Structure formats: structure tokens, C-alpha cells
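Q: Please see the structure below; I have some questions.
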Amino acid sequence: MSSVFQYFFYPDLRNLSYLGWDPHLYRVFGTFLEPAVLSTVLGLFFIFISINRLINRKYLEITLLTVCLILIALSFSRGVYIGFAISLGIYLWQKKNKYFSLFFAGFIVLILLLPKPAGEGVNLLRNSTIISRVNDYSAGIEVWKKDPIFGVGYNRISYAKSGNNQSSINHAKASFHSSFLILLAGSGIIGLVLFLFVLKGLAQINIFSFYSVIFLSSASLVDNLLLHPFILFVLFTMIAYAKGESRLAPTTIHPSDK
């Protein structure tokens with residue numbers, strides 16, 4: 001609910017640029033002050049609610065899922081768009097669920113019809129962030145080359161960055177846009193491979209963890225989401241709850257399936 005108020009009453013974050021925050025304009029960023037983080041949390045809630053089917057009232061569930069979709073779309077975070085579309089598409093391909101086909105189609109229509117008042121951030125065809133990420137990936141590869149096996153260490157990434165200015169105010173100066181690139185540069189090939197095995201084990205815990213790992217992994221290729229503390233907290237809490245629910249009520253029937 002706070003994100004809805006933020007979008008209408010505080011849509012401009014440019015006043016906090018001097019503190020290192022990105023100048024988001026007419027985007028949903030909520031209390032996280034970051035659209036990608038907020039939309040990722042909302043994406044996890046969407047997957048959690050829809051897969052675990054905790055709400056007995058069909059229309060209430062549809063309303064909550066619709067609100068999640070709208071807020072995700074209003075984040076204008078293209079990385080989250082891609083990750084969410086991939087996870088939802090795989091679910092539809094495996095389950096052939098008409099119920100979610102409508103959500104998938106609605107999500108695409110929302111993206112196309114969303115209001116785009118002003119600012120580069122709401123332009124889905126913007127290339128400024130693409131260029132910045134390409135440069136960021138190049139810098140990450142250069143850091144990784146310094147110690148490709150074991151990495152330079154997470155806390156030393158900022159020092160290993162070529163031409164890094166330690167006095168500059170930048171919330172991302174000690175990392176990179178991609179979570180996997182951070183792991184590669186910080187812990188090398190060994191660390192990245194071990195992390196991939198952890199992801200594989202995490203995805204095999206239950207149905208929710210499978211789709212949430214697909215969602216997070218896809219989105220984390222362009223944004224550092226897999227290593228965000230609050231996202232990890234939400235993810236592990238939901239996985240633990242979903243695992244318990246799967247044991248307690250394995251035969252739960254969703255209203256839309258009746």
C-alpha cells in the first residue's frame with residue numbers, strides 16, 4: 001500500500017541524488033528507494049501467493065495478484081520484467097494453466113499501456129542503462145582477471161576496480177550490477193560454481209523455490225538482487241513456509257481449479 005502512495009505523492013527521487021541514490025522519476029520504488037528491489041519482492045509475493053494458494057477467496061486473490069502485477073509494471077525495471085516473464089512463462093508451459101495465461105497476457109498489455117509522463121527511467125527503449133551495464137560488466141571481467149580462481153574478495157572489489165574513486169558517493173561502488181558478476185569477481189570460478197550448486201539445491205526444495213530461483217537468477221543477470229539481504233530474507237522465509245504448507249496441506253484445491 002505504501003508503494004501506491006509513493007507513486008502518486010512522491011514520484012520524484014531526484015532530490016536524493018546527492019546521497020548517491022539513482023534519480024528515479026515516475027517509477028514505483030517504495031521504501032526501498034530502488035524499483036528493482038521493490039518489484040523483485042512483489043514478484044516473489046506473486047509467485048508465493050499463486051503457487052501456495054493460501055487465499056480461499058478467489059476474487060481477493062485475483063485482486064492481490066493484479067495489484068502486484070501493476071506495481072511490478074510501474075517499476076519499469078526491465079531486468080525484473082524479463083525474470084518475471086521467464087518464470088511465469090515456464091510455469092504456463094509446464095502447467096498449461098489458463099488462469100495464469102490471463103495474468104501473463106495482462107502483464108504484457110500493462111507494460112505497453114503504462115503511463116510514461118516524463119524522464120528517461122520510464123522509457124523502456126532507453127539505452128543509457130544498457131551502456132552503463134556493458135561498461136560495468138567489462139570492469140567486472142577486468143577485476144575477475146586479477147584472480148580468476150579464488151577472486152579478489154568481496155570486501156576488496158571496490159579497491160580492485162580500475163580507476164575507482166573511493167571518495168565518490170556511490171551505493172554500487174563496491175559491487176557490480178549482476179549478482180553473478182559480483183560472485184565471479186569476489187570469489188572466482190570456484191566461488192561461482194559453488195554458488196550455482198547452492199542455487200540448484202535451493203530450487204529443488206519445493207515448487208515455490210523452483211520458480212523463485214528461476215525468477216531471481218534471471219533478473220540478477222542485470223541487477224544485484226540475489227545478494228540483497230532483504231530479498232534473501234523474504235525468499236528464505238517464504239521457502240520455509242511453503243515447505244511446511246506442502247506437508248500440512250498437500251491436497252489443497254484452488255478455487256480457480258474447481
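Q: Taking the stretch 17-40 on its own, how many of its residues are acidic (Asp, Glu) and either more than 16 Å from residue 122 (Cα to Cα) or within 15 Å of the chain's Cα centre (by Cα) (or both)? Full working, then the answer.
A: Kept after step one, since they are acidic (Asp, Glu), are these residues of the stretch 17-40: 22, 34.
Checking which are either more than 16 Å from residue 122 (Cα to Cα) or within 15 Å of the chain's Cα centre (by Cα) (or both) leaves us with 34.
Matching residues across the stretch 17-40 total 1.
Q: Take residue 126 and decide whether it is at pLDDT below 85 and charged (D, E, K, R). Step through it out loud before you land on a result.
A: Numbers: at pLDDT below 85: yes; charged (D, E, K, R): yes.
Taking the combined requirement at face value, the residue satisfies it.
Q: From (1) within 19 Å of residue 44 (Cβ to Cβ); (2) in contact with a helix residue (DSSP H, G or I) (Cβ under 7 Å, 6 or more places away or on another chain), pick out the condition that doesn't hold for residue 101.
A: Every listed condition holds for residue 101 apart from (1).
Q: Quick one: would you say residue 116 is touching a helix residue (DSSP H, G or I) at 6+ places or on another chain (Cβ under 9 Å), over 26 Å from residue 208 (Cβ atoms) and touching a residue at least 60 places away in the same chain (Cβ under 8 Å)?
A: yes
Q: Right, another one. Given the condition within 21 Å of residue 211 (Cβ to Cβ), over 18 Å from the mean Cα position of the chain (by Cα) and either in a helix (DSSP H, G or I) or not acidic (Asp, Glu) (or both), answer yes or no: does some residue in the stretch 124-132 qualify?
A: no
Q: Same structure, new question: Please note which helices (runs of 4 or more DSSP H) are completely contained in the stretch 178-251 and include at least 2 residues that are among the charged types (D, E, K, R) and modelled with pLDDT under 95.
A: The qualifying helices (runs of 4 or more DSSP H) are 229-248.
Q: Conditions first: (1) surrounded by fewer than 22 Cβ atoms within 10 Å (Cβ to Cβ); (2) touching a helix residue (DSSP H, G or I) at 6+ places or on another chain (Cβ under 9 Å); (3) of a type in the set (A, V, I, L, M, F, W, C). Residue 16 passes all but one, so which condition is the exception?
A: (2)
Q: Can you tell me which residue within the stretch 53-99, out of those that are outside any helix (DSSP H, G or I) and basic (Lys, Arg), is nearest to residue 33 (Cα to Cα)?
A: 53
The values are calculated or read from the model by the stated rules, or taken from the named source; none is laboratory data. None of the values given here were measured: they were computed from a predicted structure. All Cβ positions, glycine included, derive from the backbone under ideal geometry; neighbour counts span all protein chains shown.
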